[in-house]
2 protein chains.
Amino acid sequence: MSTPRLLEIRQGVLSKNDRLAAELRQRFHAAGVFVVNLLSSPGAGKTRLLEETLRRMGTDLRVAALVGDLATDNDALRLARSGAPVRQIQTGDMCHLEAHLVEQHLDGWNLDDLDVLFIENVGNLVCPTGYDLGEAARAVLLSVTEGEDKPLKYPGAFVSADCVVVTKMDLAEAVEFDQRAAEANIASVHPGVPIVYTSARTGAGLDAWMEWLEHHRCSSHR
Amino acid sequence: MSTPRLLEIRQGVLSKNDRLAAELRQRFHAAGVFVVNLLSSPGAGKTRLLEETLRRMGTDLRVAALVGDLATDNDALRLARSGAPVRQIQTGDMCHLEAHLVEQHLDGWNLDDLDVLFIENVGNLVCPTGYDLGEAARAVLLSVTEGEDKPLKYPGAFVSADCVVVTKMDLAEAVEFDQRAAEANIASVHPGVPIVYTSARTGAGLDAWMEWLEHHRCSSHR
């Protein structure tokens, strides 16, 4: 990303991705599927949050998930235990998902049979930011163990978020997490973005997260 | 990174980077500077470990640090408190450091006045992997809060490591960290790589880390 020629090619890939993402968004909307793109650092708890989300949501809605990783299908196996249809996308050495990978991995699924599709991106706070996957909403996770300064250091991800989910709140005391500092940092890069504080382990904040999802799902169908 | 043309350009950037990194490595070697490249996810504790390392090492050796981030100079300010010369490299939207950025930020420093230079890479387990910075050794950090499966999910980083530093061991019990599983996963992608278990908060394992650094510093001058 350091040369003008590389930048030009990168912009080409991005605009091709944007076109495909726009087509996907139309397909999702026509089929009435609410699509959420989950972004975070490695190990911030995307899969764990998604396990709880699929379990809770699965009782009322038809939910599925696509899961991106460089290697392994560990996360797909974990999530499949919820009973929801889940597919792993292995990206090899690519640090993000792209719209064409999402499109490929939808093959054989009837979108009309789904209400909600989660896309768990590759664990990375930089690369996935610029790649639209046709989602209706983007949630960026920040675990309390990462430190309150991450919104300042990775502003792109937090600027693009429709919701910031603070995770692992059960560890907040142990790591001396400064909630006011985190809130101020998030607000300084993205004023007004909703913040939900959660712990998948204790269940704290999961109701608020489910409410945020349900609110956005409903308004996306208007 | 998805089209043959982009791949070709990327390889061109990499080989240009490799040439410059080889030149840097010669300069470092000629000046007797031991250079360590630190890689990890965001928030795995690179800066915290480096604070302790600079403080301990600074009593005997002339140490400096370059610190990469997309934005902010928070880390440089933190590290400068050690009294060591520190410079921040702001990468904008680039998810890794490159050799030319290292070279630029050495400007005005006399390498003959240094014994050890740490380069703290951008927090990212994917992108920095392929970019040689002319370092003599590469340490990859894995915090216990990220989960034991990260070596399997980000194999490239762990394959490239000369040492794996497990961090935040003071939280191991709280997050039910499975040390045997982590060890098995690291060994499966990089058999025989040394693993050091540390807590910058309690000081546990820092002696072993300092010993590993000193051992490699000495052997790099042979």
Yes/no for B:Gln104 being within 13 Å of another protein chain (Cβ to nearest Cβ) and closer than 18 Å to B:Thr53 by Cα
no
Just need a number here: residues in the stretch B:107-132 that are more than 8 Å from chain A (Cβ to nearest Cβ) and in a loop (DSSP other than H, G, I, E, B).
9
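Conditions (1) more than 9 Å from every other protein chain (Cβ to nearest Cβ); (2) more than 13 Å from B:Leu117 (Cβ to Cβ); (3) in a loop (DSSP other than H, G, I, E, B); (4) not charged (D, E, K, R), marked per residue:
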{"position": "B:Leu14", "(1), (2), (3), (4)": "yes, yes, no, yes"}
{"position": "B:Asn17", "(1), (2), (3), (4)": "no, yes, no, yes"}
{"position": "B:Ala21", "(1), (2), (3), (4)": "yes, yes, no, yes"}
{"position": "B:Ala44", "(1), (2), (3), (4)": "no, yes, yes, yes"}
Within the bounds of the stretch A:135-142, is there any residue that is farther than 23 Å from B:Val175 by Cβ, buried (at least 22 other Cβ atoms within 10 Å of the Cβ), more than 10 Å from every other protein chain (Cβ to nearest Cβ) and not hydroxyl-bearing (Ser, Thr, Tyr)?
yes
Applying the selection to the stretch A:58-101, what residues are crowded, with 19+ Cβ neighbours inside 10 Å, more than 25 Å from A:Leu20 (Cα to Cα) and at the interface with another protein chain (Cβ under 10 Å from one of its Cβ atoms)?
A:Asp75
Quick check: is even one residue across the stretch B:48-67 assigned to a loop (DSSP other than H, G, I, E, B) and either touching a Ser or Thr at 6+ places or on another chain (Cβ under 7 Å) or within 27 Å of A:Tyr131 (Cα to Cα) (or both)?
yes
Matching residues in the stretch A:162-216 - criterion: being surrounded by 14 or more Cβ atoms within 10 Å (Cβ to Cβ), among the β-branched types (Val, Ile, Thr) and either part of a loop (DSSP other than H, G, I, E, B) or within 12 Å of chain B (Cβ to nearest Cβ) (or both):
A:Thr167, A:Val175, A:Val189, A:Val193, A:Thr198
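FYI, it's all coordinate maths here, none of it is from the lab. What you see is a predicted model; the values in this text were computed from it and never measured. Please note: Cβ atoms are built from the backbone with ideal geometry, for glycine as well, and neighbour counts cover all protein chains shown.
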